[in-house]
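These notes concern the structure reproduced below.
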Amino acid sequence: MEALQCPVCGGIKLALAILETEGDEVKTGAILCESCHRWYPIINSIPHMLTDELRGSEDALFIRENQSKFDKMSLQERPPIFQRM
Ligand SMILES: [Zn+2]
């Protein structure tokens, strides 16, 4: 994670939302750039850090598949779903 950088703004202040783990790895989650507030999905333990032009249907699918988990987290009305890395 420490090598990751936001591909759009170059920000290195990233936060992590863990939706599902597998062993020590985050299998499903999201990375939030604290500089430009974009988020990037982690799918099957691989962070998908793409620029806006390259994003599309994959994001929609990710949101649809994980909507219930995001809802659950937002219902708790607290921000620590995003842990500072
Ligand atoms: Zn950014």
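Rule-based calculations on the coordinates, nothing more; no lab input. Treat the numbers as computed from the prediction; the structure is a model and nothing was measured. Here the Cβ is made from the backbone with ideal geometry for all residues, glycine too, and neighbour counts use every protein chain on show.
For residue 63 and residue 36, compute 0.36 nm times the residue count separating them, minus their Cα-Cα distance, and round to one decimal in nm. Don't skip to the end; give the middle numbers.
On the way: separation 27, 0.36 × 27 = 9.72 nm, distance 1.93 nm.
Once the chain is fully extended between residue 63 and residue 36, it gains 7.8 nm.
Loop-only GluC sites (Glu not before Pro) in the range 1-52, please: DSSP not H, G, I, E or B, and at most 16 other Cβ atoms within 10 Å.
Values: sites: 2, 20, 22, 25, 34; in loops: 2, 34.
Here the sparse-neighbourhood loop sites are 2, 34.
For the range 1-51, what is the per residue volume of the convex hull drawn over the alpha-carbon atoms, in cubic angstrom? List each step's numbers first, then the result.
Details: hull volume 3.2 nm³, N = 51.
Dividing the Cα hull volume of the range 1-51 by its residue count gives 63 Å³.
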